[in-house]
Structure formats: C-alpha cells, structure tokens
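> Pasting a structure below so you can have a look.
The values are calculated or read from the model by the stated rules, or taken from the named source; none is laboratory data. These numbers were taken from a predicted model, which means no experiment stands behind them. As a convention, Cβ positions derive from the backbone with ideal geometry for all residues, glycine included, and neighbour counts pool all protein chains shown. Only protein heavy atoms, including side chains, enter the accessible area calculation; ligands, DNA and RNA are left aside. Shrake-Rupley method; radii C 1.70, N 1.55, O 1.52, S 1.80 Å.
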Amino acid sequence: MTPSQRKISHLIVAAAALISVAGVQAQTGAGTSSFGKGYIGLSAGQSDYSLGNGSGLYGSSNRVTAYSVTGGGYFNNNLGVEIGYTDFGNISRGGGTTRAEGINLSLVGKMPVTESFNVLGKIGTTYARTSVSTQPGSGLQDGSENGWGLSLGIGAEYMMTAQLSALLQYDAHDMRFAGGGRDRVSVTSLGLRYRF
C-alpha cells in the first residue's frame, strides 16, 4: 500500500468512526436540548514543525499542509469532548523527510459571544506516530517514535446556520521524534463543522 493509499484509508476509517460516534450521540440526545447533539468536522491548514535542522548541510521546510477530521458533542452549552485524526504532513529535513500523524482526545470549552459567534478552547492529549529519514552528515537521527503528549488549542466559530459552522483554529501538540525529547507541532486551520 502506497503512502497516499494509507493516508486515504486512515481518513476513511477515522471519518467512519466519528460518524458512528456522532450518530449515537444524536440518538441519545433525541428529545433533549440541542447542546447534547454530536458534530463532525473537516479542516485543512498549515502545520509548523518546531524541530532543529541538524548540521544545516541540507535544505529544510518546517511548514506543510495538514488535514483533520473531528467529531464530538457538548454536555451543555459550554463544555464538551472531541476526538479527531490529524495528518500533519511531510516536511523536508536532513536530506530526508519527517512526518507525523495523530489521534487527539480533548475536553472542549465554548464561550458564546453572540448568537452566531463562539470562542473555543481545548486541552487534551494526542497519540502521535512520527518518522524521520535522513542522509549521512545531517546530524539528525533516523527512526520512528510514538506515544502520548499534551495538546492545547484555541479557536473561533461562526454559526452560518443551526447545523453548519465555520472554524478558525490553532492547535499545538507535543510529540516525540527520533533522537530527542518532545517537540511541538502546531496547526493553524480553517474548517467546517456539521451538527447532527
């Protein structure tokens, strides 16, 4: 299976899981307030890998396109939970590539400013898988890592209809990479969210 096929299959599995979770949430929320209804979201943006470039013999790029699919629901008007998958993309580094992907689970806070505008905050954890390939003399170590790390996020949501909203978000994730401790990968993204 090619990397593109793996990426597409991961997105399909994540979307299917999130749709089923949102569907169950919507069924259990039937007859209650709209706050308990689930949602699913898609977003795209730019990731920023805060990693060193080693010896500097090779060119590097720390920014690349990232994609996310998320789903969740609110317990009340201000507090909810969200799960999501993000492909942070591949960057050129050390004469090779560095990539990351992860599944995130977060507690979400929402502060309504007006009827159609909300400010969002998130705190949670991301289980990330990272891989690094390099060339000799790069000063970087090849290898793969995985594990849990802290994630934080802020955002703004504009309600276009009762079911559809647009989001602008910034999320930061602590991840492990080969040859070092934890490093931050952040994503600034635009997305759409649909409520069930």
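> Could you go through the stretch 167-178 in sequence order and give the Karplus-derived ³J(HN,Hα) for each residue, using 6.51 cos²θ - 1.76 cosθ + 1.60 with θ = phi - 60°, rounded to whole Hz, and x for Gly and Pro?
Going residue by residue, I get 10, 10, 9, 10, 10, 10, 10, 8, 9, 9, 10, 4 Hz, with x marking Gly and Pro.
> Under a 1.4 angstrom probe, counting protein chains only, how are 184, 129, 195 ranked by accessible area, largest first? Walk me through the intermediate numbers first.
Values: 184 85, 129 115, 195 40 Å².
Greatest to least solvent exposure: 129, 184, 195.
> With each label point set 7 Å from Cα along the Cα-Cβ vector, what nm distance links residue 161 and residue 79?
Simple spin-label model gives 3.2 nm for this pair.
> Mind giving me the nanometre distance, one decimal, between the label points for residue 115 and residue 148, set 7 Å out from Cα along Cα→Cβ?
4.2
> Which percent of Cα pairs goes in each bin when the distances of the stretch 67-189 are cut into 10 angstrom slices starting at zero?
13, 40, 26, 14, 6, 1
> Using each residue's phi in the stretch 100-109, evaluate 6.51 cos²θ - 1.76 cosθ + 1.60 at θ = phi - 60° and report the 3J(HN,Hα) Karplus result to the nearest Hz, with x for Gly and Pro.
Along the stretch 100-109, the couplings run 8, 8, x, 10, 10, 10, 9, 8, 10, x Hz.
> Normalised radius of gyration for the stretch 119-196, please: alpha carbon Rg relative to 2.2 N^0.38 Å, two decimal places. Write down the numbers at each step before the final one.
Working: Rg = 16.9 Å, N = 78, 2.2 N^0.38 = 11.5 Å.
This ratio for the stretch 119-196 stands at 1.47.
> Quick one: what are the phi-derived ³J(HN,Hα) couplings along the stretch 183-190, Karplus 6.51/-1.76/1.60 with θ = phi - 60°, whole Hz, x for glycine and proline?
Computed from phi, the couplings for the stretch 183-190 are 10, 9, 10, 10, 9, 10, 9, 10 Hz.
> Let me ask you something else. Can you put 154, 91 in order of accessible area, largest first, using a 1.4 Å probe?
On the way: 154 110, 91 0 Å².
From most accessible down to least: 154, 91.
> Cα atoms only: what Rg and Dmax, in Å, come out for the stretch 86-137?
Rg then Dmax for the stretch 86-137, in Å: 17.5, 57.
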